[in-house]
Amino acid sequence: MNLELTKETKINNKKTNQDKSHKKLMSESKFAFLLLLPTIILVLGLLMYPFIYSIYLSFINLNLTKPWIGPQFVGLKNFTDILKNAEFWSSMKVTGYFTIFSVIGSLLFGLIAALILNQHFKFRGIARSILLIPWAISGVINGLIWQWILHPNYGVLNAALTQLGITKDYIAWLSDPFLAVNMVILADVWKSFPFVALLLLAALQSIPSELYEAARVDGANALSIFRRITLPLLTPIALVLLVLRTIDSFRIFDLIYVLTKGGPANATQVVGYYLYKEGFEFANFGYSAAGSYVITFFILILVFIYVKKLDQNESF
């Protein structure tokens with residue numbers, strides 16, 4: 001009898017201790033949540049309010065040049081207007097051209113830099129550190145640097161080309177439509193390729209050296225090793241970089257604003273700068289907000305295609 005009471009007492013004590021520890025854990029979780037609550041509210045306020053308000057703006061006509069009219073609900077009119085606007089589609093063509101060649105250029109130069117920095121040589125650590133400098137600087141500073149490099153009268157690029165005898169006269173790089181858009185792409189590639197190189201370098205260092213040794217034993221040359229081992233194993237991270245760089249290129253603004261302001265003749269007017277002009281120069285905020293969601297839709301389509309491709313690659 002006493003033995004049964006002892007066992008029952010132990011069970012009750014164990015349950016009591018478990019309840020106490022559970023309550024203590026719950027009280028600590030509540031206390032932690034209360035400590036984080038101000039930060040959560042602040043973050044949600046900074047993120048959610050602009051998001052919800054931008055959706056509201058896209059369905060109204062709000063022009064601050066005529067404040068006496070006030071906001072007017074127009075439904076989908078802003079979306080239909082922007083899809084019918086020839087200047088919007090012209091800026092989309094410029095954005096597409098910029099995105100394609102900027103992404104290709106950053107991936108190509110990033111891969112080359114990663115392959116070089118993956119080799120063993122003296123001062124490799126210093127070279128890796130220097131590589132990150134273009135990526136670390138802000139977009140505005142990058143634009144100012146290239147504004148100085150491409151200046152038609154005292155730019156570094158013109159001085160170097162004439163000294164080397166490649167060109168006889170100084171070139172107005174940002175005054176010609178074709179040259180301007182390609183110089184902007186060059187400036188963006190210069191800033192973005194170190195980020196690509198950093199991630200590709202990390203992926204290269206994760207490839208087992210035994211694979212390369214086995215391939216060399218089988219008589220494979222360097223090109224064959226790159227095609228059959230390195231490139232397939234870099235494909236997953238390359239697809240992720242493709243997604244990130246596409247999104248980044250589609251929302252380019254600061255570089256265009258500093259270097260060309262969309263000129264000459266709208267040759268470098270990407271869609272981000274076009275929507276900026278509509279919103280902040282012409283005070284057509286509803287139209288600009290609707291345009292931003294149209295661009296978001298296009299980006300989501302591209303990201304969906306990339307993700308499907310990534311899933312197919314991982315399934316093999």
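Under a model in which nothing but the beta-carbon of Lys, Arg (+1) and Asp, Glu (-1) is charged, the chain shows a dipole of about 760 debye around its Cα centre. Rounded to whole numbers, the Karplus 3J(HN,Hα) couplings from phi for the stretch 251-264 are 9, 4, 8, 4, 5, 5, 4, 6, 7, 10, 6, x, x, x Hz, using 6.51 cos²θ - 1.76 cosθ + 1.60 with θ = phi - 60°, and x at Gly and Pro.
Loop-located trypsin sites (Lys or Arg not before Pro) in the stretch 88-189 (DSSP state not H, G, I, E or B) with no more than 13 neighbouring Cβ atoms inside 10 Å: Lys122, Lys168. Near the amide H of Ile60, within less than 5 Å, lie the amide hydrogens of Val74, all on another chain or at least 5 residues away, with H placed in the peptide plane.
Every helix of 4 or more DSSP H residues in the chain counts as -39500 (n - 2.57), and over all residues that averages to -24500 deg cm²/dmol at 222 nm.
Entry note, the chain: relative contact order of 27 percent, from Cα contacts under 8 Å with a spacing of 6+ residues.
Checking every one of the chymotrypsin sites (Phe, Trp or Tyr not before Pro) in the stretch 139-214 against DSSP loop status and a limit of 16 other Cβ atoms within 10 Å picks out Tyr154, Tyr170. Rank Val43, Val303, Val196 by mean-square fluctuation in a GNM of the chain with C-alpha springs under 10 angstrom and give only the top-ranked residue. In this elastic network of the chain, the residue with the biggest mean-square fluctuation among Val43, Val303, Val196 is Val43.
Checking the a/c ratio against 1.5 first, then a/b against b/c, what shape does the Cα gyration tensor give for the chain? In terms of gyration-tensor shape, oblate.
Each value in this text was obtained by applying a stated rule to the coordinates, not by laboratory testing. Remember, it's a predicted structure, so these values are computed and weren't measured experimentally. A quick note on method: Cβ atoms are made from the backbone with ideal geometry, for glycine too, and the neighbour counts reach across all protein chains shown.
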